[in-house]
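Asker: Mind having a look at this structure? Questions to follow.
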Amino acid sequence: MNMRDLIAEIEEQEIRPENGAVIIYIGVVKGLKEGRKIEKIHVRHNTEKIEKEIYEKFKEDIEKNNIKIKLKDGDLRPGEPITIIQIQSEDRYSATMKLLKIIDIVKRNTIIEEHYTD
């Protein structure tokens, strides 16, 4: 998905009037790690566990459709998105704090195998 498509998709979504902030996070495959060039990565999300943990912590937000997450599995190349998270919340502080907690849940339940060019 390119940025224009992503922005168009987000613009079509309903933003609730009680929410004063919308945060969009896009996690992208790095091209370098510790000076080594990454050719590709293989990603496996434990989607069931991720969804369960997020629902337990943010049940009300999930039910109001204030949190949306897209996770990509499989082989990905540098520059490709791995994780896309959208959060609507009453203010920027609460939206940012929710985002950080969700990213931690996703990272904790994801296995990434890196394949280097050298």
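Residue-wise test of (1) of a type outside the set (D, E, K, R); (2) more than 23 Å from ASN2 (Cα to Cα); (3) open to solvent by less than 90 Å² (accessible area, probe 1.4 Å).
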site: GLN13; (1), (2), (3): yes, no, yes
site: PRO17; (1), (2), (3): yes, yes, no
site: HIS45; (1), (2), (3): yes, no, yes
site: LYS52; (1), (2), (3): no, yes, no
site: PHE58; (1), (2), (3): yes, yes, yes
site: SER89; (1), (2), (3): yes, yes, yes
site: ASN109; (1), (2), (3): yes, yes, yes
site: ASP118; (1), (2), (3): no, yes, no
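Asker: Then there's this: I'd like to check something: does segment 71-81 contain any residue that is open to solvent by less than 80 Å² (accessible area, probe 1.4 Å), outside any strand (DSSP E or B) and of a type in the set (A, V, I, L, M, F, W, C)?
Answerer: no
Asker: Restricting attention to segment 19-28, which residues are closer than 15 Å to GLY79 by Cα and either in contact (Cβ under 8 Å) with a residue 60 or more places away in the chain or open to solvent by 60 Å² or more (accessible area, probe 1.4 Å) (or both)?
Answerer: Correct list: TYR25, GLY27, VAL28.
Asker: Moving on. Test LEU99 against the criterion of being open to solvent by less than 50 Å² (accessible area, probe 1.4 Å) and within 27 Å of ARG4 (Cβ to Cβ), and give yes or no.
Answerer: Spelling it out, LEU99 is indeed open to solvent by less than 50 Å² (accessible area, probe 1.4 Å) and within 27 Å of ARG4 (Cβ to Cβ).
Asker: Mind counting the residues in segment 33-43 that are surrounded by fewer than 16 Cβ atoms within 10 Å (Cβ to Cβ) and touching a residue at least 24 places away in the same chain (Cβ under 8 Å)?
Answerer: Final tally of qualifying residues: 5.
Asker: Further question: Counting only residues that are under 14 Å from the mean Cα position of the chain (by Cα) and assigned to a strand (DSSP E or B), which one in segment 23-43 is nearest to ILE111 (Cα to Cα)?
Answerer: The extreme case among them is VAL43.
Asker: Next question, about the same structure. Scan (1) of a type in the set (Val, Ile, Thr); (2) open to solvent by 80 Å² or more (accessible area, probe 1.4 Å); (3) in contact with a helix residue (DSSP H, G or I) (Cβ under 7 Å, 6 or more places away or on another chain) for the single condition ILE67 breaks and write down its number.
Answerer: That leaves (2) as the condition not met.
The values are calculated or read from the model by the stated rules, or taken from the named source; none is laboratory data. As the structure is a prediction and not an experimental result, all values here were calculated from the model. Please note: Cβ atoms are built from the backbone with ideal geometry, for glycine as well, and neighbour counts cover all protein chains shown. Side chains are part of the model used for accessible areas, which takes the heavy atoms of the whole protein and leaves out ligands, DNA and RNA. Shrake-Rupley method; radii C 1.70, N 1.55, O 1.52, S 1.80 Å.
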